[in-house]
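Let me begin by handing over the structure; questions about it come next.
The values are calculated or read from the model by the stated rules, or taken from the named source; none is laboratory data. The shown structure was predicted, so the numbers you read here are calculated from the model rather than taken from an experiment. FYI the Cβ positions are ideal-geometry reconstructions off the backbone, even for glycines, and counts take in every protein chain you see. Each accessible area value is taken on the protein alone, full model and side chains, heavy atoms only, with ligands, DNA and RNA left out. Shrake-Rupley method; radii C 1.70, N 1.55, O 1.52, S 1.80 Å.
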Amino acid sequence: SWGMLRGKSFLLQKSAKHFKRLIIEISKLDKEYWAIDADNYDDEAIRSLLKVKKVITDNLRGNREKASATLVTKIMLGVFGSVPALDKNFCTAFRLTKNLTKKVLKKIAAYYQNHRNEFDMSIRTLDFATGQETSRHYTKAKLIDMVGFVEGDRINRANR
């Protein structure tokens, strides 16, 4: 995500080599982690998501850096499509703190359940070069992420 490489992000000072250990550890995870989406956040899935959070946090750290919840969830969204990014806008829209916890995941699951008709409509991704629809579909977590980003931006702009 371009947002991970701007502003005061410690990643601006790192090369791609900084991610090597993280990429290796993610590649070792079972395929089950790629199947988790907001429509199946049961207790087992939540435990798995929190395990992935730990894998990312433990393997992203440098000597003094601390992986923020925003960065960790952006990676989880980008790699797995399994959770919304807990950025400023999303947390504003959903009235959440920036910490991926069981409580936060349950709140996202409840939001999905309350709006499942809208999120169960299959929305395809677009090909960057052509603008045409692809055969790939957005995950429900990504759609919830988009809703939270737009709504949070609207709220934050209104409060300026």
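Would you grab the residues whose amide H sits under 5 Å from the one on H137? Only those 5+ places off in sequence or on another chain, please, with H modelled 1.01 Å from N.
Distant-sequence amide H within range of H137: T125.
Right, another one. Within segment 26-88, which trypsin sites (Lys or Arg not before Pro) sit in a loop by DSSP and count at most 15 neighbouring Cβ atoms inside 10 Å? Each step should come with its number before you reach the end.
Details: sites: K28, K31, R47, K51, K53, K54, R61, R64, K66, K74, K88; in loops: K28, R61, R64, K66.
Passing both the DSSP loop test and the Cβ count: K28, R61, R64, K66.
Starting from the eigenvalues of the Cα gyration tensor, five times each then square-rooted, give me the equivalent ellipsoid semi-axes of the chain, largest first, whole Å. Please list the in-between numbers first.
Values: eigenvalues 114, 76, 65 Å².
So the three semi-axes of the chain are 24, 19, 18 Å.
A follow-up question, please. Straight-line reach only, C-alpha to C-alpha below 21 angstrom: list the lysines that K20 could link to, leaving out same-chain residues fewer than 8 apart.
Within the straight-line limit of under 21 Å, K20 reaches these lysines: K28, K31, K51, K53, K54, K66, K74.
Before I look further, what does the chain give for accessible area per residue, probe 1.4 Å, in whole square angstrom?
Numbers: 10180 Å² over 160 residues.
Spelled out: the 1.4 Å probe surface of the chain, per residue, equals 64 Å².
Can you give me the three principal axis dimensions of segment 104-149 from its C-alpha atoms, in Å, biggest first?
37, 19, 12
Moving on. Run the helix sum for the chain: -39,500 (n - 2.57) per DSSP H stretch of 4+ residues, divided by residue count, reported at 222 nm to the nearest 500 deg cm²/dmol.
Values: 7 runs with 80 residues, N = 160.
Value at 222 nm, helices only, nearest 500: -15500 deg cm²/dmol.
Nothing charged except the Cβ atoms of Lys and Arg (+1) and of Asp and Glu (-1): what's the magnitude of the dipole of the chain about its Cα centre? Round to the nearest 20 debye.
In total the dipole reaches around 960 debye.
For a Förster distance of 25 Å, can you work out the FRET efficiency between the beta-carbons of W34 and I155, rounded to the nearest 0.05? Spell out each step's value before the answer.
Numbers: r = 32 Å, r/R0 = 1.28.
Using R0 = 25 Å, I get an efficiency of 0.20.
Tell me which residues come under 5 Å, amide H to amide H, from L100 once H is placed; ignore anything under 5 positions away on its chain.
none
Give the carbon-plus-sulfur fraction of the accessible surface of the chain in %, rounded to a whole number; probe 1.4 Å, heavy atoms of protein chains only.
On the chain, the fraction of accessible area on carbon and sulfur atoms equals 52 percent.
Using the Karplus curve 6.51 cos²θ - 1.76 cosθ + 1.60 with θ = phi - 60°, what ³J(HN,Hα) values do you get for each residue of segment 82-92, in whole Hz, with x for Gly and Pro?
9, 9, x, 6, 7, 9, 4, 5, 4, 5, 5
Name the most mobile residue of V72, V150, V83, meaning the one with the largest mean-square fluctuation, in a Gaussian network model of the chain with Cα contacts below 10 Å.
V150
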